[in-house]
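Enquirer: Here it is, the structure in full.
The values are calculated or read from the model by the stated rules, or taken from the named source; none is laboratory data. It should be emphasised that the depicted structure is a prediction, and the values quoted were computed from it without experimental measurement. As a convention, Cβ positions derive from the backbone with ideal geometry for all residues, glycine included, and neighbour counts pool all protein chains shown.
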Amino acid sequence: EAGVAQSPRYKIIEKRQSVAFWCNPISGHATLYWYQQILGQGPKLLIQFQNNGVVDDSQLPKDRFSAERLKGVDSTLKIQPAKLEDSAVYLCASSLDRDGTEAFFGQGTRLTVV
Amino acid sequence: AQTVTQSQPEMSVQEAETVTLSCTYDTSENNYYLFWYKQPPSRQMILVIRQEAYKQQNATENRFSVNFQKAAKSFSLKISDSQLGDTAMYFCAFMKLAGTYKYIFGTGTRLKVLA
């Protein structure tokens, strides 16, 4: 079975520019997560989708971050405008359902804002 | 709010030896899961082991086992017969079985297995 696909793997942008990340979860997985992992820290949840609805975006900086999940499958996470403190690895994960089953992670996108 | 604490930023172990990684958590919930995830340099997080809070028996997966102490809110990971491929960051995570079912991760322990 194919895993969670993310692109790009790396991105370098200047502050105030915009950037988008893409995630294709495992087929049939209803739950999709976006995590931000700053160097030296554990992943922090940004947004969680159940099918194409948002169930938790309490830690998403909504003035600059946005996310959508098209038709309950692929998802994009956008930052506009980017700040230096947004430099991090952005991890996408999916699970079969919202019930404690295993989450499968992609390889992440390393974002550097200069 | 739930918190997860990993107090060992880095650890090392000789190949074939045993190592224990510590994790404590804080919650008022009664129904939850605890996880250990491994993150190698490739950055892809991989599930190592999972423990349901209602189960008294400690989970085991081959060389990996946990010591789950619910009253003490402690969840340590024991790796037996350490292998070079075990070198990675290890994250402890908590999920309450209600609401959004989101993972809350600790800050991680970097484990290095020495040849």
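Enquirer: Would you check which residues across the stretch B:65-89 are farther than 18 Å from B:A16 by Cα, aliphatic (A, V, I, L, M) and either surrounded by fewer than 14 Cβ atoms within 10 Å (Cβ to Cβ) or at pLDDT below 95 (or both) and list them?
Expert: Listed by number, the residues that qualify are B:A71, B:A72.
Enquirer: Next up: So, in the stretch B:19-64, of the ones that are of a type in the set (K, R) and in a loop (DSSP other than H, G, I, E, B), which residue ends up modelled with the lowest pLDDT?
Expert: Only one residue fits best here, namely B:R43.
Enquirer: When you check A:L32 against the structure, is it closer than 13 Å to B:Y103 by Cα, crowded, with 19+ Cβ neighbours inside 10 Å and within 11 Å of another protein chain (Cβ to nearest Cβ), yes or no?
Expert: Details: closer than 13 Å to B:Y103 by Cα: yes; crowded, with 19+ Cβ neighbours inside 10 Å: yes; within 11 Å of another protein chain (Cβ to nearest Cβ): no.
Here the answer is no, as A:L32 does not meet what is asked.
Enquirer: Go through the stretch A:35-45 and count every residue that is assigned to a strand (DSSP E or B) and either surrounded by fewer than 14 Cβ atoms within 10 Å (Cβ to Cβ) or not aromatic (F, W, Y) (or both).
Expert: Of the residues in that region, 4 qualify.
Enquirer: How about the stretch A:82-103: which of its residues are farther than 16 Å from A:Q50 by Cβ and within 13 Å of the chain's Cα centre (by Cα)?
Expert: A:D86, A:A88, A:V89, A:Y90, A:L91
Enquirer: So which residues in the stretch B:65-106 are within 9 Å of chain A (Cβ to nearest Cβ), assigned to a loop (DSSP other than H, G, I, E, B) and within 12 Å of B:L21 (Cβ to Cβ)?
Expert: Answer for the stretch B:65-106, where residues must be within 9 Å of chain A (Cβ to nearest Cβ), assigned to a loop (DSSP other than H, G, I, E, B) and within 12 Å of B:L21 (Cβ to Cβ): just B:G106.
Enquirer: Can you tell me which residue in the stretch B:11-60 is farthest from A:G108 (Cα to Cα), limited to those that are surrounded by fewer than 17 Cβ atoms within 10 Å (Cβ to Cβ) and within 12 Å of another protein chain (Cβ to nearest Cβ)?
Expert: B:Y54
Enquirer: Conditions: (1) touching a residue at least 24 places away in the same chain (Cβ under 8 Å); (2) over 21 Å from B:P40 (Cα atoms); (3) loosely packed, with under 13 Cβ neighbours inside 10 Å. A:K71 meets all but one. Number of the miss?
Expert: (1)
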